[in-house]
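Shown next, in structure tokens, is the structure this report addresses.
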Amino acid sequence: MAVILDGKALAKSTEQALSGRVNRFKSKSGRVPRLATILVGDDPASATYVKMKGNACARVGMLSLRIEMGQGTTTKQLLDKINELNDDPLTDGILLQHPVPSQVDERAAFEAVSLEKDVDGVTCLGFGRMSMGRAAYGSATPAGIMRLLDHYNIRPDGKHAVVIGRSPILGKPMAMMLLNRNATVTVCHSKTRDLADFVRSADIVVAAAGKPQLVKGEWIKEGAVVVDAGYHPGNVGDVELTSASLKASAYTPVPGGVGPMTISTLIQQTMDAAEKSIIN
Ligand code: NAP
């Protein structure tokens, strides 16, 4: 019987620990840790994600500063706002919700976030430092996946990990994190030939392609660990989970697997940033 990698439960216990850290921080610093969330445009899914992140802050007693900018926002306006937050001593972390409207240079906006406040791990500098094993906040979704694997004592060392997807926020940092933990990593993408063959040899599969049920249950090797980062209407991920769960030794459910870990990691890293701000 496969182990269910319960991200929801781990996120909940992390929140209990974070509440204690928030209280200790308050008594030491006289202020409350704060995450600034920036939502640009009117994408309803993005609005929901930002709301969920604000709710998570509230559950642990952190503040969230919700900034909403219109659909017609320019790159300059967004950069100005980010710079203002970089300079604000009461803001510990900055989350720019992806995606932004097409006229905005999203990469330039991500790069504007200062390293100390890049709690969602979106800057090239943060990615480079993480890749080289230096201190940096990891991109929230892959860092959350690593926390989940650690919690269940799943060690990547020596395993063949197949990451499906190479986006800057998910596939690429995921591959580097697994490589840093001594997995042998294959990164697949939309031009990969014979995806099924790669998956068949994987001890760990991370599906992050954004394609409903792209990964078939029959491709999964007996005993493999299956991490499904996808989320699509109807509670469907990027893996055919019903059939995959019959072969896997462990798998993340959809929902309740990777999603809660992303938010949990974001607020945990905001807490880390707040604590660092009073040490320095
Ligand atoms: P993305 O930017 O659209 O990237 C998708 C990646 O998948 C690309 O690298 C693409 O390859 C690859 N791909 C697309 N079709 C493929 C195929 N048929 N075979 C192999 N690779 C394929 O997406 P993302 O932002 O990384 O997100 C990926 C998924 O994770 C989405 O379902 C998203 O909703 C989910 N997600 C979940 C969370 C969470 O908290 N649970 C957070 C973020 C994202 P190319 O590079 O060649 O185009």
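Coordinate-derived values only; no laboratory data. Quick caveat, the model's predicted, so the values are computed rather than measured. Please note: Cβ atoms are built from the backbone with ideal geometry, for glycine as well, and neighbour counts cover all protein chains shown.
Take residue 197 and residue 13, extend 7 Å from each Cα along the Cα→Cβ direction, and tell me the distance between the two endpoints in nm.
My value for the distance between the label points is 4.2 nm.
Loop-only trypsin sites (Lys or Arg not before Pro) in the range 205-266, please: DSSP not H, G, I, E or B, and at most 14 other Cβ atoms within 10 Å.
Working: sites: 216, 221, 247; in loops: 216, 221, 247.
Taking the range 205-266 and a limit of 14 other Cβ atoms within 10 Å, the loop trypsin sites (Lys or Arg not before Pro) found are 216.
Please give, to one decimal in nm, the separation of the simple spin-label points placed at residue 125 and residue 278, each 7 Å out from Cα toward the Cβ.
Spacing of the two 7 Å Cα→Cβ label points: 2.5 nm.
Quick one: if you stick a label point 7 Å off each Cα along the C-beta vector at residue 55 and residue 155, how many nm between them?
Label at residue 55, label at residue 155, 3.8 nm between them.
For the range 31-119, what's the relative contact order in percent, using C-alpha pairs closer than 8 Å and at least 6 residues apart? Let's see the in-between values first.
Values: 133 pairs, mean separation 34.3, N = 89.
After rounding, I find 39 percent.
Between residue 42 and residue 90, what FRET efficiency comes out of the Förster formula 1/(1 + (r/R0)^6) with R0 = 35 Å and r the beta carbon distance, rounded to 0.05? Mind dumping the intermediate values first?
Numbers: r = 28 Å, r/R0 = 0.79.
The pair residue 90/residue 42 has a calculated efficiency of 0.80.
Placing unit charges on C-beta atoms (Lys and Arg positive, Asp and Glu negative, everything else neutral), compute the dipole magnitude of the chain about its Cα centre in debye, rounded to 20.
On the way: 32 positive and 28 negative charges, 112 e Å.
So the dipole magnitude of the chain works out to roughly 540 debye.
With a 10 Å radius around each residue's Cβ, average the other Cβ atoms per peptide and rank 98-104, 109-115, highest first. If you can, show how the numbers build up before the last one.
Values: 98-104: 15.9, 109-115: 19.0.
In descending order of packing, they fall as 109-115, 98-104.
Could you let me know the centre-to-centre spacing of the range 9-69 and the range 93-109, using Cα atoms, in angstrom?
19
To the nearest 10 degrees, how steep is helix 7-29 against the longest Cα principal axis of the chain, on a 0 to 90 scale?
Approximately 20 degrees, to the nearest 10.
Of all trypsin sites (Lys or Arg not before Pro) in the range 128-196, which ones are in loop regions per DSSP and have a Cβ with at most 14 other Cβ atoms within 10 Å?
Answer in residue order: 134, 191, 193.
Rounding to the nearest 20 debye, state how big the charge dipole of the range 140-257 is about its Cα centre with +1 on each Lys and Arg Cβ and -1 on each Asp and Glu Cβ. Mind dumping the intermediate values first?
Details: 13 positive and 10 negative charges, 57 e Å.
Approximately 280 debye in magnitude.
Report the relative contact order of the chain, percent, no decimals, based on alpha-carbon pairs under 8 angstrom and at least 6 residues apart.
Working: 563 pairs, mean separation 60.2, N = 280.
After rounding, I find 21 percent.
Can you tell me the FRET efficiency between residue 167 and residue 27 if r is taken as the Cβ-Cβ distance and R0 is 45 Å, rounded to the nearest 0.05? Don't jump to the answer; show the numbers that get you there.
Working: r = 40 Å, r/R0 = 0.89.
For residue 167 and residue 27, the calculated efficiency is 0.65.
Around residue 185, which amide H atoms from residues at least 5 apart in sequence, or from another chain, sit under 5 Å from its own amide H, with H modelled in the peptide plane?
Under 5 Å from the amide H of residue 185: 161.
Going Cα to Cα from residue 191, which lysines come in below 26 Å? Please leave out same-chain ones fewer than 8 positions away.
159, 172, 211, 216, 221
Convert each backbone phi in the range 43-49 into a coupling constant with the Karplus relation 6.51 cos²θ - 1.76 cosθ + 1.60 (shift: θ = phi - 60°), then list the ³J(HN,Hα) values in order as whole Hz, x for Gly and Pro.
Along the range 43-49, the couplings run 6, x, 5, 5, 4, 5, 4 Hz.
Share of Cα-Cα pairs in the range 22-80 beyond 16 Å, in percent? Present the calculation step by step, with values, prior to reporting the outcome.
Numbers: 895 of 1711 pairs.
Summing the P(r) tail past 16 Å for the range 22-80 gives 52 percent.
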